[in-house]
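The values are calculated or read from the model by the stated rules, or taken from the named source; none is laboratory data. This one's a predicted model, so the numbers in the text were calculated from it and none came from an experiment. Here Cβ is always computed from backbone atoms with ideal geometry, including for glycine, and neighbour counts include all displayed protein chains.
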Amino acid sequence: MLERLSLRLRVFLFFAALAAGCGAAVIGGLWAGYRKLADPAAFPGFLLAGVLAGFAILALVSWVWFLFDQNVASAVLRLAGGLRAQAHTEGAAFEAASARYLGDLAPAAAAVSASLTQTRDALAEAVAAKTPGDAPPKVVDTVAGSELIGQTFTAPEYFHSRPSAAGAGYDGAASSGSNLGPLSPELLASVADRVAGYREENGLSGDVSVPVDAVTASASGLDPHISVANARLQAARVAQARGLTLAVVMGLIDDHTDGRSLGVLGEPGVNVVLLNLALDEQG
(Lines give C-alpha, C1' and ligand atoms only; values in the text may rest on other atoms or scores of the structure.)
Protein backbone atom coordinates (compact mmCIF):
# COMPACT_ATOMS: atom_id res chain seq x y z
CA MET A 1 0.00 0.00 0.00
CA LEU A 2 2.79 2.41 0.88
CA GLU A 3 4.26 2.21 -2.63
CA ARG A 4 1.08 3.86 -3.95
CA LEU A 5 1.74 6.94 -1.81
CA SER A 6 3.83 9.77 -3.16
CA LEU A 7 7.43 10.05 -1.97
CA ARG A 8 6.82 13.32 -0.12
CA LEU A 9 3.79 11.90 1.67
CA ARG A 10 5.72 8.81 2.75
CA VAL A 11 8.52 11.02 4.10
CA PHE A 12 5.96 13.13 5.98
CA LEU A 13 4.33 10.05 7.49
CA PHE A 14 7.75 8.75 8.56
CA PHE A 15 8.59 11.96 10.42
CA ALA A 16 5.07 12.14 11.88
CA ALA A 17 5.52 8.62 13.23
CA LEU A 18 8.95 9.58 14.55
CA ALA A 19 7.52 12.60 16.38
CA ALA A 20 4.70 10.49 17.82
CA GLY A 21 7.14 7.82 18.97
CA CYS A 22 9.46 10.36 20.63
CA GLY A 23 6.50 12.01 22.33
CA ALA A 24 5.24 8.68 23.60
CA ALA A 25 8.71 7.81 24.93
CA VAL A 26 8.94 11.14 26.79
CA ILE A 27 5.46 10.75 28.26
CA GLY A 28 6.24 7.19 29.31
CA GLY A 29 9.50 8.22 30.94
CA LEU A 30 7.93 11.11 32.83
CA TRP A 31 5.03 8.93 33.95
CA ALA A 32 7.40 6.24 35.22
CA GLY A 33 9.42 8.88 37.10
CA TYR A 34 6.30 10.37 38.63
CA ARG A 35 5.03 6.98 39.76
CA LYS A 36 8.38 6.14 41.31
CA LEU A 37 8.57 9.49 43.09
CA ALA A 38 5.02 9.01 44.43
CA ASP A 39 4.66 12.69 45.30
CA PRO A 40 1.38 14.26 44.10
CA ALA A 41 2.85 17.73 44.57
CA ALA A 42 5.38 16.98 41.82
CA PHE A 43 2.69 16.29 39.18
CA PRO A 44 2.48 19.92 37.90
CA GLY A 45 6.23 19.91 37.37
CA PHE A 46 6.14 16.64 35.47
CA LEU A 47 3.20 17.91 33.39
CA LEU A 48 5.03 21.13 32.50
CA ALA A 49 8.16 19.17 31.60
CA GLY A 50 6.09 16.88 29.38
CA VAL A 51 4.42 19.78 27.56
CA LEU A 52 7.72 21.60 26.99
CA ALA A 53 9.41 18.40 25.83
CA GLY A 54 6.51 17.67 23.47
CA PHE A 55 6.70 21.12 21.87
CA ALA A 56 10.48 20.84 21.59
CA ILE A 57 10.24 17.43 19.90
CA LEU A 58 7.52 18.68 17.54
CA ALA A 59 9.55 21.75 16.58
CA LEU A 60 12.76 19.77 16.05
CA VAL A 61 11.14 17.01 14.01
CA SER A 62 9.18 19.55 11.93
CA TRP A 63 12.37 21.48 11.17
CA VAL A 64 14.28 18.34 10.17
CA TRP A 65 11.31 17.13 8.09
CA PHE A 66 11.13 20.47 6.26
CA LEU A 67 14.82 20.36 5.40
CA PHE A 68 14.57 16.74 4.28
CA ASP A 69 11.45 17.42 2.23
CA GLN A 70 12.95 20.41 0.42
CA ASN A 71 16.47 19.11 -0.10
CA VAL A 72 15.91 15.37 -0.56
CA ALA A 73 12.33 14.29 -1.32
CA SER A 74 11.46 17.25 -3.55
CA ALA A 75 14.90 17.12 -5.14
CA VAL A 76 14.42 13.45 -6.03
CA LEU A 77 11.04 14.24 -7.63
CA ARG A 78 12.51 17.15 -9.60
CA LEU A 79 15.39 14.96 -10.71
CA ALA A 80 13.02 12.21 -11.81
CA GLY A 81 10.84 14.73 -13.63
CA GLY A 82 13.85 16.16 -15.43
CA LEU A 83 15.03 12.72 -16.54
CA ARG A 84 11.51 11.81 -17.66
CA ALA A 85 11.29 15.02 -19.68
CA GLN A 86 14.66 14.28 -21.23
CA ALA A 87 13.51 10.82 -22.19
CA HIS A 88 10.34 12.01 -23.93
CA THR A 89 11.10 15.56 -25.13
CA GLU A 90 14.06 16.60 -27.22
CA GLY A 91 15.82 19.66 -25.87
CA ALA A 92 14.06 19.60 -22.49
CA ALA A 93 15.97 21.48 -19.82
CA PHE A 94 17.60 19.41 -17.12
CA GLU A 95 18.49 21.09 -13.84
CA ALA A 96 20.75 19.04 -11.57
CA ALA A 97 21.72 21.89 -9.23
CA SER A 98 18.55 21.45 -7.16
CA ALA A 99 19.75 17.92 -6.29
CA ARG A 100 23.10 19.02 -4.87
CA TYR A 101 22.41 17.30 -1.54
CA LEU A 102 21.84 13.90 -3.15
CA GLY A 103 25.51 13.00 -3.37
CA ASP A 104 26.54 11.22 -6.57
CA LEU A 105 22.97 10.85 -7.79
CA ALA A 106 22.78 14.32 -9.35
CA PRO A 107 26.10 14.04 -11.29
CA ALA A 108 25.11 10.55 -12.43
CA ALA A 109 21.74 11.80 -13.69
CA ALA A 110 23.44 14.73 -15.43
CA ALA A 111 25.82 12.30 -17.14
CA VAL A 112 22.89 10.17 -18.33
CA SER A 113 21.14 13.28 -19.62
CA ALA A 114 24.25 14.45 -21.49
CA SER A 115 24.75 10.99 -22.99
CA LEU A 116 21.14 10.89 -24.15
CA THR A 117 21.48 14.30 -25.78
CA GLN A 118 24.67 13.25 -27.56
CA THR A 119 23.00 10.05 -28.79
CA ARG A 120 20.05 12.01 -30.14
CA ASP A 121 22.34 14.49 -31.89
CA ALA A 122 24.38 11.67 -33.44
CA LEU A 123 21.21 9.93 -34.60
CA ALA A 124 19.88 13.16 -36.11
CA GLU A 125 23.16 13.71 -37.98
CA ALA A 126 23.09 10.13 -39.26
CA VAL A 127 19.51 10.52 -40.50
CA ALA A 128 20.32 13.86 -42.11
CA ALA A 129 23.30 12.33 -43.90
CA LYS A 130 21.08 9.59 -45.38
CA THR A 131 18.26 11.96 -46.34
CA PRO A 132 18.35 13.67 -49.79
CA GLY A 133 18.66 17.43 -49.56
CA ASP A 134 15.49 18.06 -51.55
CA ALA A 135 13.36 15.64 -49.52
CA PRO A 136 10.32 17.37 -48.03
CA PRO A 137 10.12 17.55 -44.26
CA LYS A 138 8.01 14.86 -42.65
CA VAL A 139 5.58 15.82 -39.94
CA VAL A 140 5.59 13.19 -37.19
CA ASP A 141 3.85 15.01 -34.36
CA THR A 142 0.06 15.05 -34.42
CA VAL A 143 -2.20 16.55 -31.79
CA ALA A 144 -4.37 13.71 -30.54
CA GLY A 145 -6.10 15.49 -27.68
CA SER A 146 -5.47 16.55 -24.12
CA GLU A 147 -4.64 14.34 -21.19
CA LEU A 148 -6.69 16.72 -19.02
CA ILE A 149 -9.96 16.45 -20.97
CA GLY A 150 -11.55 13.19 -22.01
CA GLN A 151 -12.87 12.37 -25.46
CA THR A 152 -15.22 9.84 -26.97
CA PHE A 153 -13.88 6.56 -28.34
CA THR A 154 -16.19 4.03 -30.03
CA ALA A 155 -13.90 1.69 -32.00
CA PRO A 156 -13.45 -1.76 -30.39
CA GLU A 157 -9.64 -1.48 -30.48
CA TYR A 158 -9.74 1.49 -28.09
CA PHE A 159 -10.70 1.81 -24.46
CA HIS A 160 -13.95 3.72 -24.12
CA SER A 161 -14.38 6.75 -21.88
CA ARG A 162 -17.28 7.17 -19.49
CA PRO A 163 -20.48 8.83 -20.82
CA SER A 164 -20.45 12.61 -21.04
CA ALA A 165 -23.32 15.11 -20.79
CA ALA A 166 -21.15 18.05 -21.87
CA GLY A 167 -22.73 19.20 -25.12
CA ALA A 168 -22.47 16.46 -27.73
CA GLY A 169 -19.89 14.77 -25.49
CA TYR A 170 -16.73 16.14 -23.86
CA ASP A 171 -17.45 19.66 -25.11
CA GLY A 172 -15.18 21.99 -23.13
CA ALA A 173 -17.47 24.93 -23.86
CA ALA A 174 -20.50 23.14 -22.40
CA SER A 175 -19.14 21.44 -19.28
CA SER A 176 -22.03 20.02 -17.30
CA GLY A 177 -23.60 16.95 -15.80
CA SER A 178 -26.97 15.59 -16.91
CA ASN A 179 -28.74 17.42 -14.04
CA LEU A 180 -31.14 14.48 -13.78
CA GLY A 181 -32.13 13.32 -10.31
CA PRO A 182 -31.33 9.80 -9.04
CA LEU A 183 -34.98 8.77 -9.43
CA SER A 184 -35.42 10.31 -12.87
CA PRO A 185 -37.07 7.78 -15.24
CA GLU A 186 -34.98 9.17 -18.10
CA LEU A 187 -31.74 8.64 -16.17
CA LEU A 188 -32.72 5.15 -15.00
CA ALA A 189 -33.65 4.13 -18.55
CA SER A 190 -30.43 5.49 -20.05
CA VAL A 191 -28.32 3.76 -17.39
CA ALA A 192 -30.11 0.46 -18.04
CA ASP A 193 -29.43 0.82 -21.78
CA ARG A 194 -25.77 1.62 -21.13
CA VAL A 195 -25.39 -1.39 -18.82
CA ALA A 196 -26.80 -3.69 -21.50
CA GLY A 197 -24.61 -2.13 -24.19
CA TYR A 198 -21.51 -2.33 -22.00
CA ARG A 199 -22.04 -6.02 -21.29
CA GLU A 200 -22.66 -6.77 -24.96
CA GLU A 201 -19.64 -4.94 -26.38
CA ASN A 202 -17.29 -6.43 -23.78
CA GLY A 203 -18.73 -9.95 -23.85
CA LEU A 204 -19.78 -9.94 -20.20
CA SER A 205 -22.36 -12.23 -18.66
CA GLY A 206 -25.36 -10.88 -16.82
CA ASP A 207 -23.91 -11.63 -13.39
CA VAL A 208 -20.86 -9.39 -13.89
CA SER A 209 -21.17 -6.07 -12.07
CA VAL A 210 -20.72 -3.05 -14.34
CA PRO A 211 -18.68 -0.20 -12.81
CA VAL A 212 -20.73 2.92 -12.09
CA ASP A 213 -18.40 5.17 -14.08
CA ALA A 214 -18.98 3.05 -17.21
CA VAL A 215 -22.66 4.01 -17.36
CA THR A 216 -22.87 7.45 -15.71
CA ALA A 217 -21.45 10.85 -16.62
CA SER A 218 -19.27 12.91 -14.30
CA ALA A 219 -20.37 16.27 -12.92
CA SER A 220 -18.16 18.13 -15.41
CA GLY A 221 -18.62 15.78 -18.35
CA LEU A 222 -14.92 16.20 -19.09
CA ASP A 223 -13.17 13.68 -16.84
CA PRO A 224 -10.31 11.96 -18.69
CA HIS A 225 -10.16 9.00 -16.30
CA ILE A 226 -12.09 5.79 -15.86
CA SER A 227 -11.88 3.40 -12.93
CA VAL A 228 -9.36 0.58 -12.91
CA ALA A 229 -12.23 -1.92 -12.80
CA ASN A 230 -13.79 -0.34 -15.89
CA ALA A 231 -10.50 -0.53 -17.80
CA ARG A 232 -9.88 -4.15 -16.82
CA LEU A 233 -13.33 -5.22 -18.01
CA GLN A 234 -12.59 -3.67 -21.42
CA ALA A 235 -9.10 -5.20 -21.69
CA ALA A 236 -10.16 -8.49 -23.30
CA ARG A 237 -12.08 -6.71 -26.08
CA VAL A 238 -9.17 -4.37 -26.83
CA ALA A 239 -6.64 -7.21 -26.78
CA GLN A 240 -8.71 -9.28 -29.21
CA ALA A 241 -9.31 -6.34 -31.56
CA ARG A 242 -5.60 -5.51 -31.70
CA GLY A 243 -4.23 -9.03 -31.70
CA LEU A 244 -2.35 -8.43 -28.45
CA THR A 245 -2.09 -10.68 -25.44
CA LEU A 246 -4.25 -9.84 -22.45
CA ALA A 247 -1.09 -9.55 -20.31
CA VAL A 248 0.28 -6.78 -22.55
CA VAL A 249 -2.95 -4.79 -22.36
CA MET A 250 -3.19 -5.27 -18.59
CA GLY A 251 0.39 -4.05 -18.26
CA LEU A 252 -0.47 -0.88 -20.20
CA ILE A 253 -3.43 -0.31 -17.88
CA ASP A 254 -1.14 -0.56 -14.85
CA ASP A 255 1.37 1.81 -16.48
CA HIS A 256 -1.30 4.47 -17.04
CA THR A 257 -3.07 4.21 -13.69
CA ASP A 258 -2.84 7.37 -11.60
CA GLY A 259 -2.87 6.93 -7.83
CA ARG A 260 -5.02 8.71 -5.29
CA SER A 261 -4.61 12.49 -4.93
CA LEU A 262 -2.11 13.22 -2.15
CA GLY A 263 -1.94 9.46 -1.72
CA VAL A 264 -5.23 9.29 0.23
CA LEU A 265 -7.98 11.16 -1.64
CA GLY A 266 -10.24 9.58 -4.24
CA GLU A 267 -9.62 6.34 -6.10
CA PRO A 268 -6.97 5.32 -8.65
CA GLY A 269 -7.97 6.14 -12.21
CA VAL A 270 -6.83 5.28 -15.74
CA ASN A 271 -6.25 8.11 -18.24
CA VAL A 272 -8.08 6.90 -21.36
CA VAL A 273 -6.40 9.25 -23.86
CA LEU A 274 -2.87 8.35 -22.74
CA LEU A 275 -3.73 4.66 -22.58
CA ASN A 276 -5.09 4.66 -26.14
CA LEU A 277 -2.03 6.53 -27.39
CA ALA A 278 0.14 3.88 -25.76
CA LEU A 279 -1.90 1.20 -27.53
CA ASP A 280 -1.28 2.87 -30.89
CA GLU A 281 2.45 2.86 -30.17
CA GLN A 282 2.25 -0.91 -29.79
CA GLY A 283 1.25 -1.09 -33.45
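The table below lists the values:
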item	result
Members of the stretch 28-48 found to be of a type in the set (A, V, I, L, M), out of contact with any helix residue (DSSP H, G or I) (no Cβ under 6 Å at 6 or more places or on another chain) and either surrounded by 10 or more Cβ atoms within 10 Å (Cβ to Cβ) or not assigned by TED's automatic domain parsing to the domain that holds Val61 (or both), listed by number	Ala32, Leu37, Ala42, Leu47, Leu48
Failed item, numbered, when Ser175 is tested on (1) at pLDDT 90 or above; (2) closer than 17 Å to Gly150 by Cα	(1)
Test: residue in the stretch 177-191 that is of a type in the set (D, E, K, R) and surrounded by 11 or more Cβ atoms within 10 Å (Cβ to Cβ)	no
First in the stretch 184-195 and under 11 Å from Thr216 (Cβ atoms), second anywhere and surrounded by 11 or more Cβ atoms within 10 Å (Cβ to Cβ), Cβ under 6 Å, 6 or more apart	Leu187/Leu180; Val191/Val215; Arg194/Val215; Val195/Val210; Val195/Val215
Residues (of a type in the set (Ser, Thr, Tyr) and either modelled with pLDDT under 70 or over 27 Å from the mean Cα position of the chain (by Cα) (or both)) located in the stretch 55-88	none
Those residues of the stretch 154-176 which are surrounded by fewer than 16 Cβ atoms within 10 Å (Cβ to Cβ), in contact with a helix residue (DSSP H, G or I) (Cβ under 7 Å, 6 or more places away or on another chain) and within 18 Å of Val210 (Cβ to Cβ), in sequence order	Pro156
Options Leu244, Leu233; residue that is in contact with a Leu (Cβ under 9 Å, 6 or more places away or on another chain), buried (at least 17 other Cβ atoms within 10 Å of the Cβ), more than 19 Å from Arg162 (Cα to Cα) and touching a residue at least 12 places away in the same chain (Cβ under 8 Å)	Leu244
Complete set of residues in the stretch 17-49 that are at negative phi, free of Cβ contacts under 8 Å to residues at least 12 places away in the same chain and either of a type in the set (Gly, Ala, Ser) or not in a helix (DSSP H, G or I) (or both)	Ala17, Ala20, Gly21, Ala24, Ala25, Gly28, Gly29, Ala32, Asp39, Ala41, Ala42, Gly45
